[in-house]
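Here's the structure we're looking at; comments come further down.
The values are calculated or read from the model by the stated rules, or taken from the named source; none is laboratory data. No experiment lies behind these values; they were computed from the predicted model shown. Don't worry about glycine lacking a Cβ; one is built from the backbone with ideal geometry, like all the others, and counts go over all protein chains shown.
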Amino acid sequence: MFEGQRVVSGQVLVNQAMVLARSDEDELELAVRQHARLVYRVAYSVLRNHHDAEDATQETFVRVLRYGKKLAGVRDPRMWLARIAWRVAVGQRGKNTEESLDDRDAVVEICSPAAGAEEILLGSEMRGMLEKLIGALPAKLRDPLTLSSLEEMSPADIAEVLGIKEAAVQSRLFRARQILREKLGGMMEGKDGA
């Protein structure tokens, strides 16, 4: 009778372990469903390449799977995943900086049916010019600006992702916007004077 009880309690332990493993899988699956787009956008904002951002997104969730036990105790899974994605992408930055032709096709144009070809072309040129200007900023200014404008993160969230103080984020955002304003103003004056 004693051995039978041990087998039963052993089976109970196996069942409990399976339930815990399944709940971890469910939690991870839920995190992927809820935050995959955020993770991809954070990775893309750093890497500026569709394929590299997909790789970084996958690597982010592999790391989450590896350290999945921590997910249950995380206060804000969105920021935790954004921070992991940021670190993965920064780690991959510079490995492959070429942009493929597929990346240009991945950009989706959203325009009203009333927009004419000239408006669409002008918008595309402005977007390209702005991307170049942002890309030319030093990384310590570009990174907070990207997270603020593209990911719509608060300065507190950006500080958490980048591992810096909130005051530093605000200062860097101010300086980045000031530089962009000056460069755009100079470009517009050059066009008006031409």
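Filtering the range 142-162 to residues that are more than 14 Å from the chain's Cα centre (by Cα) and touching a residue at least 60 places away in the same chain (Cβ under 8 Å) leaves nothing.
Within the range 43-55, residues that are over 12 Å from Ala85 (Cα atoms) and crowded, with 22+ Cβ neighbours inside 10 Å reach partners that are modelled with pLDDT under 90 and among the charged types (D, E, K, R) with beta carbons closer than 7 Å, at six or more positions or on different chains, in the pairs Asn49/Glu99; Asn49/Asp103.
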